[in-house]
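Have a look at the structure below, then the notes.
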Amino acid sequence: MKHIPNDYFIYHFFNRIKIETRLKPDLLNLRKIIAAHVQHIPFEYNWHSLSKSKNIDLASLFNNIILQKLGGYCYETGILFNHLLQTIGFNTQLISGQIYRKEILDHNSLHLAILVQLEHQHWLVDVSWNGGIAAPIVLNTGIQVINNMYYRIKQVGHGIELWEKKENWKKNYYVVALGDPLKMATQKHLFHQFDNRSEFYKKKILLYSK
């Protein structure tokens, strides 16, 4: 299946996340769709234990995550969820970020999230970070609370940082325009599958050795 008709895509995606009807592209429904996605589609990378490569083209993601009811990690769920939002009628774009590890920015990392323009504001949508953030985060309005977790977004240089707090504040990732997020994610996806420098690849080797 190379081309997926919009109605077919929405019907099966909504069936996967237990939403019954097609929704209008407004803030209330954005919250509803994100919460349902986080509840029903898990973050997972167990596919790295398989010898067969897994693609991140839209048709493959739709088959694996929606029809086969698997989970996914940020490249997979981000690309697929972004397409859902656009198909419904939201104004979105994929964005790429680099992850902080022990307060140090890892320039070799790549995280994928979504920026939604809605009601004259920009909203960060991330359905995979730490299992998924269950609501959109509006940019530049201070602290926001989602499921007992505190979030805030800081403007840093030409980009933004996502911070979170459960006990203490910590930086999660830094988003800045680096290039084509989809192209970068495709390249990084191959890196994680076949390069022994990847943390995912190392976990794959451990799984093989069991």
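The values are calculated or read from the model by the stated rules, or taken from the named source; none is laboratory data. Predicted model, so just to flag it, every value in this text is computed and none were measured. Counting neighbours? That spans all protein chains shown, and the Cβs are built from the backbone with ideal geometry, glycine included.
Which of the residues belonging to the stretch 66-102 are outside any helix (DSSP H, G or I), small (G, A, S) and under 15 Å from the mean Cα position of the chain (by Cα)?
Passing the criteria: G71, G72, S96, G97.
Quick one: count up the residues across the stretch 26-44 that are touching a residue at least 24 places away in the same chain (Cβ under 8 Å), part of a helix (DSSP H, G or I) and either among the aliphatic types (A, V, I, L, M) or on the phi > 0 side of the Ramachandran plot (or both).
6
Residues being among the small types (G, A, S) and part of a strand (DSSP E or B): count how many of those fall in the stretch 155-175.
Looking only at that region, the number is 1.
Taking the stretch 13-25 on its own, how many of its residues are surrounded by 14 or more Cβ atoms within 10 Å (Cβ to Cβ) and either touching a residue at least 40 places away in the same chain (Cβ under 8 Å) or at positive phi (or both)?
Within the stretch 13-25, residues that are surrounded by 14 or more Cβ atoms within 10 Å (Cβ to Cβ) and either touching a residue at least 40 places away in the same chain (Cβ under 8 Å) or at positive phi (or both) number 4.
Could you run through the stretch 115-149 and say how many residues are under 19 Å from H40 (Cα atoms), surrounded by 15 or more Cβ atoms within 10 Å (Cβ to Cβ) and either free of Cβ contacts under 8 Å to residues at least 40 places away in the same chain or of a type outside the set (A, V, I, L, M, F, W, C) (or both)?
5
Being surrounded by fewer than 19 Cβ atoms within 10 Å (Cβ to Cβ) and modelled with pLDDT of 95 or more is the filter here, so list the residues in the stretch 86-102 that pass it.
If the condition is that a residue be surrounded by fewer than 19 Cβ atoms within 10 Å (Cβ to Cβ) and modelled with pLDDT of 95 or more, then Q86, T87, G89, N91 are the ones that fit.
Out of L110, L118, report the one residue that is modelled with pLDDT under 90 and out of contact with any Cys (no Cβ under 6 Å at 6 or more places or on another chain).
L110
Output the qualifying pairs, or none if there are none: Cβ atoms under 7 angstrom, residues six or more apart or on different chains, first residue in the stretch 66-79 and surrounded by fewer than 17 Cβ atoms within 10 Å (Cβ to Cβ), second residue modelled with pLDDT of 90 or more and not aromatic (F, W, Y).
That search, which allows pairs on different chains as well, returns L67/H12; K69/R16.
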